[in-house]
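One structure is given below, encoded as structure tokens.
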Amino acid sequence: MKKRLLIIGAFIVLSPVLFSFCGFYVSKADGTLKNKTSQVILVRDGNKSVITMYNDFKGDTKDFAMVVPVPVVLRKDDIKVVEQSIFQRLNDYSAPRLVEYWDQNPCYGNKEEDKMSAAPSANEVVVTSAFGTKRSAKSVTVEAKYLVGEYDILILSAKESSGLKNWLNENGYKIPADAEEVLDPYIKSNLKFFVVKVNEKEKQKLNNNFLRPIQISFNSPKFMLPIRLGMANADGDQDLIVYAFTRRGRIESTNYRNADIVSNRNIPLFVQKNFGAFYGNLFTNQWDKEGKSVAFLEYAWNVTPINQMKCDPCVGNPPTEQDLVQSGVWWLGGKDWNDYSDVDNDEPDNGSKNVHFTRLHFRYNRKSFPQDLMFQVTPNTLNYQARYIITHPATGDFNCAAGKKYLQDLRQRRKKELQELTVLTGTNINNWQDEATAKNDEETNVSAQYATLLPQVKDEMENKENMPVGILLFGTAMVAGAGLMRWKGII
Amino acid sequence: MHCLGFSINIYFQVVYYFLTNELCNSIGRFILYTNSGVMHLLNLFKDARYFQIIFQSIFLSYGILFLHWRNESWLYATYFITGLAVQFVCEYFLGKKNVPFLQRLKNGIPSVLISSFGLSLLLKTNYWWVAVFAAAVSILSKYIIRINGKHIFNPSALGIVAAIFLTGNAWISPGQWGSGAVILFGVLSLGFIVVTRVQKTDVSIAFLGTFAALLFIRQIIYLGWPLDHFIQSVSTGSLLLFSFFMITDPKTIPNHTAVRIVWCIAIAAVAFYLTAFKFMNGAPIIVLVLAQPLVPILDKFFKAKKFEWAKPKAYTAEEKNFLHVVYSRSIM
């Protein structure tokens, strides 16, 4: 039996990613999708933090274990297990989205429609290890020991890293070789270690085949997520999605640059079939372009329960007050859901019940992220969403003057869409040949089909690539000519 | 700098020699005019503040061009317009009456631009009224909160702190520069020192040196993080911006050299404590504002010459001669 260790932000993936979009599955062979994604819910107000860690462990629960550095010794009340579905709901609600629009035929009236579709970026996470015999080693203190839900929880403090390492090894945790470089600074920063394994008896009582997310809360001025420990036992890039809730506004990273992922772009119609892959490509391309050490903002919205407008358009249902309380938004808690006596008696809106939602997407590796993620709550309350637009062309005859004009505009627009596609995803226009020529477009006028426009765009883009050379040659010729004339005394 | 001035004079003599020896054709005339332009520019830039403005505008352009700050252009415009407007009003009502109004206005504009750039590079907000408030506080503080003819608070630092704590709708983004900008920052900041040879380089070095040394001791020697962890901490653009362009304001630091250095080290130490142990963001700016009321007291006990911005120097004989030739030729 292979024993491994699960650490926050250090999730190793066993199963491939499943992108579900309108019944289409993105092929596994695509290679651009990240299948190492971990998810964390962060709730922060004042000095209090609530952290919920997604647990998608599949396999023998005896193999599961997890170590999380925490700033204080947690009490039993500070540790909870919550429903797993909350992560799916938050992801569905905040994922990058595709919006559909329909053109009207200018020659006669047409139906007007506006639908939206979602492309959830599916996230797979997690893994493994086991408790063995328990024997305390020197310099490691077991500060507390709890049984919460299906988990056995220990809180350790240590005086030196080698002691902690030995203790973990003796107790059946396989610590990665270079974890020590990180353990030492954590111990000296006075962090405690939150160690989790599954209690088999309690697990059997639950009668379900997954492990529920663990939620911890504590008071500390430190607003951070320890990712460094996770890097020790993982190679390559890891994705992390942070869903954050605050009372004041967005959260942002203080030690890495924050960037908004490009949004509100018109992209070709055929991307609809493959939006998951499109967004995967786009993210990778943006991540490269922005220099990798970046926190990408994918979503920011005021989701206060009394606030009506929670998204535009909505991809999934906005989180309800119950969802938010589940996620750890404690300032909404304390309401009895069967008591309707206060229905007419709305509390004054003094901002004390405000909830702002931020979704940050990190892709980290050891080189680009030498420090743990530090955050701050800002008063920035602007809404933001990663949103891409496809437009269905009008159909029918375009024999009137306005119709001809429309066709011309449509050709121009679609050319732009194709160019945008290559710019956003950083791919060559040739890669989209198959999608563009696939039979999905035949209702469109032939002259405006992507298959017709693609070669034209290709030509235009190739010509553009030659432009700098052209300018250079032209410039050289001008200078040479001027020099010649000067030499001959003409000027 | 003296050496540079000397060689410029020699250069002008050489150009003059060629001009007077009838070598002045169309190209010669071109050289002549560009040289006179350069000379005027050099004279203008004897005031170090112009260099500061140029460097700050490079940083802002970098942000707008490469870090997607274009959406915030309205914010920068608000800072600048408010700053200039408040200066106009303050000069009109509160300025020294013995200097003509326009002259006072002209002398004050570089400082207003520097303060506005300081706000643009550090302070973020979503509301125009917060931006107006921050810029107004910055400039007003220069005219109202004064002791012994020196204003007490660094204008942009006070504007930032007031906007953050009084309105609650502004914030600093320490990570906004990313780590890619560090090389640019390092080179330009060093360039700034070399070019302006400001008397106040000691301030930057004392602050940055102490802050970085304490961080190094804490992160590398005590906690045992790898080196890149430390580099990530000190390579934030906001810290370099603060050390080279904010704390250096010669009007708001002690006049006496030794006192000045001790004062900077103390600010660095307190800022380090707040950053490393209290996890406060933007600690150096807050500490600076809190420490500035001490400056007049320190100045009282430790007497030293008061700082004045360098006055534009009169033209030397060579330069005058050269200009004379330029003007006479241009009449021809």
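For residue A:392 and residue A:162, the FRET efficiency from 1/(1 + (r/R0)^6), where r spans their Cβ atoms and R0 equals 56 Å, is about 0.30. Share of carbon and sulfur in the accessible area of region A:393-487 stands at 60%, probe radius 1.4 Å. Taking every Cα-Cα distance in region B:188-291 and sorting them into 10 Å bins from zero, the calculated P(r) comes out as 15, 48, 30, 7, 0 percent. Full extension of the chain between residue A:476 and residue A:288 gives 64.2 nm of extra length, using 0.36 nm per residue less the Cα-Cα distance. The residues of region A:393-487 present an accessible area of 63 Å² per residue when probed at 1.4 Å with all protein chains retained.
Other chains' Cβ within 10 Å of B:230-238 residues: what's the mean? Intermediate results must be reported in sequence, preceding the final value.
On the way: counts 2, 2, 6, 3, 0, 0, 3, 1, 1.
Partner Cβ neighbours, averaged per residue: 2.
Simple spin-label estimate for residue A:206 and residue B:273 gives 4.7 nm between the two label positions (7 Å along the Cα-to-Cβ direction from each Cα).
Ligands, DNA and RNA are left out, and with a 1.4 angstrom probe the accessible area of region B:49-172 is 45 Å² per residue.
For region B:188-291, what is the charge dipole size about the Cα centre, in debye to the nearest 20, if Lys and Arg each add +1 at the Cβ and Asp and Glu each add -1 at the Cβ?
Details: 6 positive and 3 negative charges, 36 e Å.
So the dipole magnitude of region B:188-291 works out to roughly 180 debye.
Here the extension length gained between residue B:205 and residue B:93 equals 36.5 nm, from 0.36 nm per residue of separation less the Cα-Cα distance.
Return a whole-number percent for the relative contact order of region B:49-172, with Cα pairs under 8 Å and 6 or more residues apart as the contact set.
Numbers: 146 pairs, mean separation 34.7, N = 124.
Once normalised by length, the contact order is 28 percent.
Annotation for residue B:301 and residue B:70: the two label points, set 7 Å from Cα along the Cα-Cβ direction, are 5.4 nm apart.
Of the residues making up region A:369-401, those losing 20 Å² or more of accessible area when the isolated chain is joined by the remaining protein chains, with a 1.4 Å probe, are A:370, A:371, A:376, A:379, A:380, A:381, A:382.
Residues of B:119-126, mean number of Cβ from any other protein chain within 10 Å of their own Cβ, rounded to a whole number? Working shown, then result.
Values: counts 0, 0, 0, 0, 0, 4, 3, 6.
Across B:119-126, the average partner-chain Cβ count within 10 Å equals 2.
Express in whole angstrom the spacing between the alpha-carbon centres of region B:217-252 and region A:193-260. What the calculation gives is 29 Å, centre to centre.
On association of chains A and B, roughly 2400 Å² of accessible area becomes buried (total for both chains; probe 1.4 Å).
Computed over the Cα atoms of region B:49-172, pair by distinct pair, the Kirkwood hydrodynamic radius stands at 14.8 angstrom. Taking the Cα centroid of region A:382-447 and of region B:256-278, what is the distance between the two, rounded to the nearest whole Å? Between the Cα centres of region A:382-447 and region B:256-278 lies a distance of 60 Å.
Nonpolar atom fraction for region B:49-172, defined as the carbon and sulfur part of the 1.4 Å probe accessible area, stands at 70 percent. Size descriptor for region A:393-487, Kirkwood hydrodynamic radius: 16.0 Å (Cα pairs only, one decimal).
With protein chains left intact and a 1.4 Å probe, residues in region B:188-291 average 37 Å² of accessible area per residue.
Length gained on full extension, residue A:367 to residue A:461, computed as 0.36 nm times the residue gap minus the Cα-Cα distance: 30.4 nm.
Evaluate peptide A:248-260: per residue, the Cβ atoms of other protein chains within 10 Å of its Cβ; return the mean as an integer.
Numbers: counts 3, 3, 1, 0, 6, 4, 10, 8, 5, 11, 5, 4, 2.
What the average comes to for A:248-260 is 5.
Sorted on the mean count of surrounding Cβ atoms within 10 Å across their residues, most packed first, peptides B:142-151, B:158-167 read B:158-167, B:142-151.
The values are calculated or read from the model by the stated rules, or taken from the named source; none is laboratory data. Predicted, not measured: the structure shown is a model, and the values here were computed from it. Heads up, the Cβs are rebuilt from the backbone with ideal geometry, glycines too, and the neighbour counts pull from every protein chain shown. Only protein heavy atoms, including side chains, enter the accessible area calculation; ligands, DNA and RNA are left aside. Shrake-Rupley method; radii C 1.70, N 1.55, O 1.52, S 1.80 Å.
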